[in-house]
Each structure stands twice: as C-alpha cells, then as structure tokens.
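Here is the structure we will look at, set down as structure tokens.
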Amino acid sequence: MLQLKKPKQQAEASDRQVRATVEAMLEDIGQRGETAVSELALKFDNWQGDFVLSAQKKQKLIDSVPDAVKQDIEFAFQQVYRFAEAQRDSLQSFEVETHPGVTLGQRVLPVQCAGCYVPGGRYAHAASAIMSVATAKAAGVPSVVAASPPRGAAIDAAVCYAMDLAGADMILEMGGVHAVASMALGLFTGKPADIIVGPGNAYVAEAKRILFGQVGIDVFAGPTESAIIADDSADAMTIAVDLTSQAEHGVNSPVWLFTTSQALAEHVAELMPKVAADMPNADVVNQAWRDYGETIVCDSREEVVAVSDRYASEHLQVMAADLEWWKQHLNNYGSLFLGEGSTVTHGDKCSGTNHILPTKRAGLTWSNFLIHPS
C-alpha cells in the first residue's frame with residue numbers, strides 16, 4: 001500500500017477546538033436560555049427578529065419560489081417519503097412466548113417531537129429539509145420543529161417550501177449550535193425535542209454529539225466526506241469531477257481516492273487543480289483537497305476494501321469492474337454508489353435514500369444505503 005497524498009491538517013486538533021467552543025455555548029444556553037440564544041443569533045446571523053416563522057411570512061416565501069424549483073422539490077419529496085415509508089414498514093412489532101407463561105414483545109412507536117436541523121450557511125439545503133422532516137412524518141411523529149439559519153431577512157425560500165411540503169409543524173429561523181440547543185430544550189416553541197436530526201457543520205454535529213443522552217440523535221452527521229474506489233478501468237476526469245463536487249461543500253470536507261492503479265491516481269492528482277479552476281469556488285475546493293484530501297494506492301482490491309472499511313466514509317462511490325463483487329465485500333459506509341453513472345451529486349439528493357449520513361467513522365455502526373443505476 002502506498003499513500004500518494006496525505007492530508008496537511010490533522011482533524012484531531014480541530015475537533016478539540018470545536019468541542020471546547022460548543023461546550024461553552026451549550027453551557028451558556030443551559031444557564032441563560034432564550035437570552036443567550038438571542039445574543040448568539042445577533043452575533044452570528046445579525047438576527048434580531050422573531051425566531052418562529054409566522055404563517056404570513058412563510059406564505060410569502062413559498063409564493064416566491066419558482067414553479068420549476070417547486071416541481072424539483074416535489075419530485076425529491078415523493079422519492080424520499082416513499083423510501084422512508086418502506087423503511088418504517090420494515091420495522092415490525094411482535095410478541096413471542098419464550099417460555100410457558102412468559103410473553104415478550106417489541107412495539108415500534110414514533111417519538112412525540114423531532115427537531116430537524118437544515119443547513120443554510122454556504123449553501124441552502126432544501127434536500128436536507130425533505131430528508132429530515134419527511135422521514136419524521138413518515139414515521140408518524142406528531143410534532144416536528146425544523147430550523148435553518150436565516151440568509152439576510154429570512155431563511156431560504158426553497159428551504160421553507162421544502163419544510164412546509166414535508167410537513168413541518170413549526171419553523172425556526174435560526175441556525176448553528178443555538179438552533180440545536182433551542183430545539184432540544186424547547187426554547188421559543190415550548191416543544192422540547194425527543195430527537196435531533198439533520199446534517200450540519202462541525203459545530204452543529206458536535207452539539208448533537210454532546211446533547212446525545214439528553215435527547216436522541218440520528219447520526220453524527222458533520223462536514224461532508226466522500227471516497228471513490230477505482231481501478232484502471234475508471235476515467236480519471238470523471239473521478240476528479242466527482243471529488244471536486246464534494247470538496248466544494250467546505251474547506252474541511254475530506255475527499256479520498258482508494259485505487260489499485262498508481263497511474264490513475266497520479267493522473268487524478270494532475271487534474272484536480274484544473275477541474276477546481278473551472279468552479280466558482282475554486283479556493284474552497286483547493287483548500288479542502290490540500291488540507292484533507294488523501295490518495296491511497298493498494299496492491300489488491302481486497303486491500304482496497306480493508307482501507308475503505310477503516311475510513312467508513314459518508315459517501316462511497318465505486319468505479320471499477322465487477323460491481324457485484326464490491327457490493328458483496330464492502331461493509332462500512334453511509335451510502336454506496338455503484339458505477340460511474342451513479343454519482344453522489346444526483347443520487348444523494350433525489351434518489352430516495354436518505355442523505356443524512358454518518359461521518360467521522362460513525363459509518364462503522366450506522367446506516368448503509370445502496371444506490372446503483374438500473
């Protein structure tokens with residue numbers, strides 16, 4: 001095994017800094033409640049208005065969304081809701097008599113209130129609104145509070161439409177750690193969440209991790225991770241495009257290439273800055289690739305599997321011969337995309353499987369989804 005490219009940054013030091021910051025914020029919110037949240041909203045979002053989105057303002061935002069965008073959101077909603085229903089139906093209540101006179105059972109019940117976090121910093125994530133809110137509603141959760149950071153005078157209009165379409169009962173114009181804490185504690189809504197779900201930046205993910213136990217969480221869903229497995233049959237340009245499309249999420253979004261071909265790895269490395277240069281946020285892509293990108297050349301596909309399973313990436317795409325072999329042997333990932341035509345960019349947003357996925361090696365124990373072209 002040869003590691004052609006190593007990350008410049010070590011995640012552990014950054015994690016410690018994030019943890020200390022989030023702990024201090026949560027302690028302050030725990031002590032001072034809504035006052036502390038209001039101060040944090042002013043500091044981070046320059047926000048001084050009401051946090052609970054009114055029906056009138058919500059309708060104005062929805063009316064501003066173009067019909068074509070609404071149609072796209074509706075398609076994604078139908079796909080995600082249908083898959084969520086299938087997941088729900090796969091969970092069965094049952095009773096079994098384990099010994100004469102001893103009857104044991106399992107009941108599958110929804111929580112009473114879910115808090116759904118929808119990112120909105122660098123990009124507004126309408127798809128994340130669907131993934132979280134629609135899934136909660138498919139599970140039968142009676143009360144769903146959704147939160148997303150304001151972008152100027154309001155949350156993103158498309159995000160608002162997606163939240164409403166998916167069935168959010170209350171919407172908070174609020175983001176970051178203070179939004180997670182507010183949903184957990186029921187601040188401004190009077191509805192403490194039983195579970196907090198949704199992806200977010202490192203600070204949002206850490207807030208969920210710290211609050212776990214006080215409330216439930218779905219997964220540790222921090223900054224996006226994406227890995228590609230490739231052999232010498234793969235196209236280097238396609239790999240470079242797919243890696244950059246994930247690195248653009250943020251400067252701390254790692255992208256990894258695991259391959260059995262050194263020549264392919266070297267070609268991809270040459271292409272990465274050229275592909276990034278054609279993107280509107282080349283600086284973000286280049287920094288993510290420089291600081292967190294990795295390329296590992298393995299001696300066999302079995303060694304690739306061992307490396308990939310150790311990284312347990314959030315998104316894992318396979319561009320190699322014998323896709324069935326890879327499907328049978330890979331174990332640890334958030335979502336698996338088989339084949340060059342099964343891209344993370346498209347499959348992650350509207351195929352139907354949920355894109356709220358585990359990061360930071362949490363894929364060792366949490367959700368596995370499979371996506372492949374028909």
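Looking only at region 224-233, filter to residues that are over 17 Å from the mean Cα position of the chain (by Cα) and crowded, with 20+ Cβ neighbours inside 10 Å; which one of those is farthest from residue 123 (Cα to Cα)? Outline the logic, then answer.
Pass one, region 224-233, residues over 17 Å from the mean Cα position of the chain (by Cα): 228-233.
Still in the running and crowded, with 20+ Cβ neighbours inside 10 Å: 228-230.
Numbers: 228: 23, 229: 27, 230: 29 Å.
Top of the filtered list is 230.
Which one is surrounded by the most Cβ atoms within 10 Å (Cβ to Cβ) among residues in region 298-339 that are over 18 Å from residue 243 (Cβ atoms) and polar (S, T, N, Q)?
Across region 298-339, the extreme among qualifying residues is 332.
This table checks each residue for (1) surrounded by 21 or more Cβ atoms within 10 Å (Cβ to Cβ); (2) in a loop (DSSP other than H, G, I, E, B); (3) touching a helix residue (DSSP H, G or I) at 6+ places or on another chain (Cβ under 9 Å); (4) modelled with pLDDT of 95 or more.
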{"residue": "180", "(1), (2), (3), (4)": "yes, no, yes, yes"}
{"residue": "184", "(1), (2), (3), (4)": "yes, no, yes, yes"}
{"residue": "193", "(1), (2), (3), (4)": "yes, yes, yes, yes"}
{"residue": "200", "(1), (2), (3), (4)": "yes, yes, yes, no"}
{"residue": "222", "(1), (2), (3), (4)": "yes, yes, yes, no"}
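Could you please tell me which pairs satisfy a Cβ distance under 9 Å, a separation of 6+ or placement on different chains, a first residue in region 300-312 that is touching a residue at least 60 places away in the same chain (Cβ under 8 Å) and assigned to a helix (DSSP H, G or I), and a second residue that is among the charged types (D, E, K, R) and surrounded by fewer than 19 Cβ atoms within 10 Å (Cβ to Cβ)?
301/231; 301/322; 304/231; 311/294; 311/361
Which one is surrounded by the most Cβ atoms within 10 Å (Cβ to Cβ) among residues in region 82-125 that are part of a helix (DSSP H, G or I) and touching a residue at least 60 places away in the same chain (Cβ under 8 Å)?
84
Go through (1) crowded, with 24+ Cβ neighbours inside 10 Å; (2) part of a loop (DSSP other than H, G, I, E, B) one by one and return the number of the condition residue 128 breaks.
Just one mismatch for residue 128, condition (2).
Would you call residue 71 modelled with pLDDT of 95 or more, loosely packed, with under 11 Cβ neighbours inside 10 Å and not basic (Lys, Arg)?
Values: modelled with pLDDT of 95 or more: yes; loosely packed, with under 11 Cβ neighbours inside 10 Å: yes; not basic (Lys, Arg): yes.
Considered against the rule, which asks whether it is modelled with pLDDT of 95 or more, loosely packed, with under 11 Cβ neighbours inside 10 Å and not basic (Lys, Arg), residue 71 comes out as yes.
Go through (1) assigned to a helix (DSSP H, G or I); (2) over 17 Å from residue 207 (Cβ atoms); (3) among the acidic types (Asp, Glu) one by one and return the number of the condition residue 50 breaks.
The one condition residue 50 does not meet is (1).
The values are calculated or read from the model by the stated rules, or taken from the named source; none is laboratory data. Keep in mind the model is a prediction, meaning the values are calculated, not measured. Neighbour counts are summed over all protein chains in view; Cβ atoms, including those assigned to glycine, are modelled from backbone coordinates with ideal geometry.
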